[in-house]
Each structure stands twice: as C-alpha cells, then as structure tokens.
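Worksheet: one structure, shown below.
The values are calculated or read from the model by the stated rules, or taken from the named source; none is laboratory data. Please read these numbers as outputs of a predicted model, since none were measured by experiment. Heads up, the Cβs are rebuilt from the backbone with ideal geometry, glycines too, and the neighbour counts pull from every protein chain shown. The protein model used for the area step is the full one, side chains on, heavy atoms only, and it has no ligands, DNA or RNA in it. Shrake-Rupley method; radii C 1.70, N 1.55, O 1.52, S 1.80 Å.
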Amino acid sequence: MLSIAHRFARRLALTLTAIAMTAGPALAQQAEQPLKIFHVMSFDSPWRWTDGQFAGFKEGLGEDVKAEYKVFQMDIKRHATPEAKAERGAMARKAIDEWKPDLVYISDDAGIENVAAHYANTGLPIVFSGANRTLTEHKLEGTKNITGVLEEEHFVESVRLLRTMAPNVRRIAVICDEAAHWPPVIQRIRDRVSRLEGVEIAAVDVLGSYAEFQNKVRKYPEVADAVLYLGIFNFKDDKGQTVPYESLQRWVVENSKLPDISFWIDRIHFGVLASVTVSEQEQGIAAGRLARAILVDGKAPSTLPVVPTVKGKPVINLARARQLGITVKSTELLTAEVVTEFQWAKAAK
C-alpha cells in the first residue's frame with residue numbers, strides 16, 4: 001500500500017512538474033519524475049487482445065505523460081483453476097506492495113477479482129479494462145478507488161454481419177467453458193436476441209471437458225444453423241490438461257460445417273467466420289484516459305463512470321468462407337477487415 005507521505009510526495013512532484021512546464025522545457029525536465037504504473041494482465045503476452053489493450057492504455061494516457069511500467073502476467077489460460085488464479089493474484093499483489101506504484105492498470109476480470117478487490121477503498125488508484133462483469137457483479141460497487149471500462153460484446157451486429165453471408169441462419173447455438181465471467185455475457189445475448197427478427201437461441205451449452213465440446217459441435221447441425229463460440233480457454237482433455245484454444249479452433253474448422261461467430265479478432269484469425277469484434281485498442285484507450293484523469297487532472301476514481309466502449313470492428317475470415325462455400329459480397333469485403341488465411345497456414349510459411 002502507498003503511505004500517506006509517499007502519496008503526498010508524488011502529488012507534490014506532479015504539481016512541481018506542472019509549474020515547471022510553464023517555465024520552460026529545461027526546468028520541466030529537471031522537475032519531472034516518471035509516474036509508476038503497474039499493469040496486471042489477466043492473460044499473457046504476446047497476444048493481440050492483451051497487448052492491444054496495453055498499447056491503447058499508453059495512447060489514452062498521452063505521450064506527454066512520462067511513465068515507468070511494470071507488467072505482471074497472470075496467464076490464466078494456463079493457470080485456470082480458482083486456486084491457481086488466487087496464487088497468481090497473490091504474486092501480483094506482492095509485487096505491487098514492493099514497488100508502490102502510483103496507479104494499477106488491470107486488464108480483464110481475473111485481475112479485478114484476484115488483485116483489485118484486495119485494494120478496495122484504499123489509497124491506491126486502480127483502472128481496469130476488458131471487464132465482462134460489472135463492479136456490482138464483482139461486489140465492488142461504490143468502491144472509491146476503482147474505475148474502468150466494461151467489455152460489452154457486439155452480438156446483434158455480429159449476427160447481422162453473419163446473415164449477410166448466410167441469410168438462412170435462424171437458430172444459433174452458444175457454447176463456452178465454465179469460466180465465471182461468461183454468465184453475464186450469456187444473459188446479455190438472451191436479452192438482445194429479440195432485436196433480431198426470426199432469430200432464436202437454439203442451445204446454450206456450458207461445458208468443462210473437450211470431449212463434451214467436440215460431441216456438442218458435431219451434433220449442432222441437428223438443432224442449429226450457426227454457432228457462437230464464447231469461452232474456449234478452459235476445456236480439459238482426458239488427462240485433465242487444458243486444450244490450447246488454437247488447437248481447439250483448428251479442430252472446429254476441420255470438423256464443423258456450420259458458419260460461426262465470436263467477438264474477438266484473434267478468433268477470426270484462427271478460423272471463426274465473422275464478427276463485429278470488441279476493439280482491444282478502444283478498451284485500452286478508454287482506460288488510459290481514465291488514468292490520465294486521475295493522475296494528471298486530479299480526479300477521484302469514484303467520480304469517473306464505469307461504461308463500455310461502443311466502437312466495434314467488422315472482421316471476416318475469407319478462408320473459412322471459402323471452406324464453407326459462402327460467397328462474401330463486395331460490400332462486406334469493402335467495409336470489413338478481411339483475414340485471407342488461417343493463422344496456422346500463415347505460420348507454416
């Protein structure tokens with residue numbers, strides 16, 4: 001935790017920097033001290049979703065703000081059990097307490113649950129992005145030192161994009177793993193499907209094992225016209241090992257003939273047909289702007305509302321479309337980011 005004296009010293013340094021900036025570059029350089037920002041990644045790097053949020057955060061904070069960063073990767077794709085997440089969270093908190101940052105930036109829900117919650121109502125400002133669950137759902141509503149950005153998926157827009165390519169889609173199956181942050185997403189999907197005339201949710205399957213996942217996907221043509229893939233990081237094989245999501249998605253491409261959607265651009269690169277994706281960059285930019293409001297403008301986190309980003313990005317996997325025998329209209333190709341080959345084929349070159 002930051003001591004009162006430490007916090008006062010940091011605020012004084014910021015004030016002196018602001019004064020120095022009006023007196024000329026030389027004096028500003030002498031007075032300026034870099035802010036210390038600790039970044040907790042719930043997942044890992046390199047990964048577009050994680051790295052994009054971090055890059056966006058730096059952009060939102062502003063190039064004029066000098067900052068020193070330390071990064072901790074919780075890596076919950078490999079440390080997936082509640083016990084493992086708690087252990088990784090404890091490691092992150094130990095590093096935070098030792099370094100004494102001016103602000104902690106957290107991406108995604110596991111970091112909120114296992115790191116931010118332990119600093120609730122302390123003097124340490126915390127900003128998050130990529131949150132599927134609200135502060136109320138995290139039991140942190142009204143917390144004075146935490147604010148951030150919600151990740152709300154573009155379900156209606158993604159289905160509409162899909163139906164421009166596969167107009168006969170009426171029944172959608174939803175499948176995901178048992179991670180705790182998916183129930184609110186599933187509820188939002190149920191709530192919003194009524195906006196899509198003639199579309200229904202044919203099945204919602206929340207599963208633990210890879211064998212169950214494979215069995216459901218094989219049987220979906222009996223009940224559904226398309227599949228929405230949500231959480232795919234925590235399916236276990238017959239040895240209890242987590243199946244890498246890249247391998248899982250390749251299996252889907254090779255074994256499912258149903259058109260599919262998801263909400264994240266990396267999934268499209270690994271074979272999902274289409275999505276209006278959640279922008280990882282926009283998530284990070286919004287979080288960086290909140291951090292700037294706290295560190296530069298002196299705003300209290302509790303005065304900064306927690307809201308979702310609204311900008312989505314249409315993306316189409318042309319290789320998957322060809323495999324499924326789908327012709328993509330030029331109007332869609334001109335307005336979307338187009339992925340021309342599967343990631344594993346690209347990596348093999």
Which residues' amide hydrogens lie under 5 Å from the amide hydrogen of V149, considering only partners 5 or more residues apart or on another chain, with H built in the peptide plane?
-> F128, S129, G130, A131
Dipole size in debye (nearest 20) for the chain around its Cα centre, Lys and Arg Cβ +1, Asp and Glu Cβ -1?
-> 180
Compute the separation of the alpha-carbon centres of the range 229-267 and the range 58-102 and state it in Å as a whole number.
-> 27
Inter-probe distance in nm under a simple model that places probes 7 Å from Cα toward Cβ, at K313 and E197 | 3.2
Work out, step by step, the length gained on full extension between M91 and R188: first 0.36 nm times the residue separation, then minus their alpha carbon distance; give nm to one decimal.
-> 31.6 nm
C-alpha long axis of helix 82-99 to longest principal axis of the chain, angle in ° = 20
Under 19 Å Cα-Cα from K311, which lysines qualify once same-chain neighbours fewer than 8 residues away are excluded?
-> K58
Please give the per residue accessible area of the chain, computed with a probe of 1.4 Å over protein heavy atoms only, in Å².
-> 45
Run down the aspartates and glutamates and flag those whose C-alpha is under 16 Å from the C-alpha of K139, throwing out any fewer than 8 positions away in its chain.
-> D108, D109, E113
Report the label-to-label distance for K329 and D297 in nanometres (one decimal), using points 7 Å from each Cα along the Cα→Cβ vector.
-> 4.1
For the E254, E137 Cβ pair and Förster radius 30 Å, calculated FRET efficiency rounded to 0.05 is 0.25
Packing-based order for 106-113, 342-349, 43-50, 279-286, using average beta carbon neighbours within 10 Å, highest first | 106-113, 279-286, 43-50, 342-349
How long, wide and thick is the range 66-206, going by the Cα atoms along their three principal axes, in whole angstroms, largest first?
-> 57, 29, 28
If you average 1/r over every pair of different alpha-carbon atoms in the range 162-204 and take one over that average, what Kirkwood value in Å do you get?
-> 11.4
Counting only protein heavy atoms with a 1.4 Å probe and every protein chain in place, the carbon and sulfur fraction of the accessible surface of the chain in whole percent equals 53
Which angle from 0 to 90°, rounded to the nearest 10, does the C-alpha axis of helix 48-61 make with the longest principal axis of the chain?
-> 30
A student asked for the Cα radius of gyration and Dmax of the chain in angstrom ought to give 22.0, 73
Added length on full extension, which subtracts the Cα-Cα distance from 0.36 nm per residue, T122 to T340 | 73.6 nm
Measure nothing but the geometry: give the 0 to 90° angle between the long axis through the Cα atoms of 210-219 and the longest principal axis through the Cα atoms of the chain, rounded to 10°.
-> 40
Quick one: of K70/K236; K216/K329; K257/K346; K66/K100; K216/K257, which pairs are farther than 24 Å apart, Cα to Cα?
-> K70/K236; K216/K329
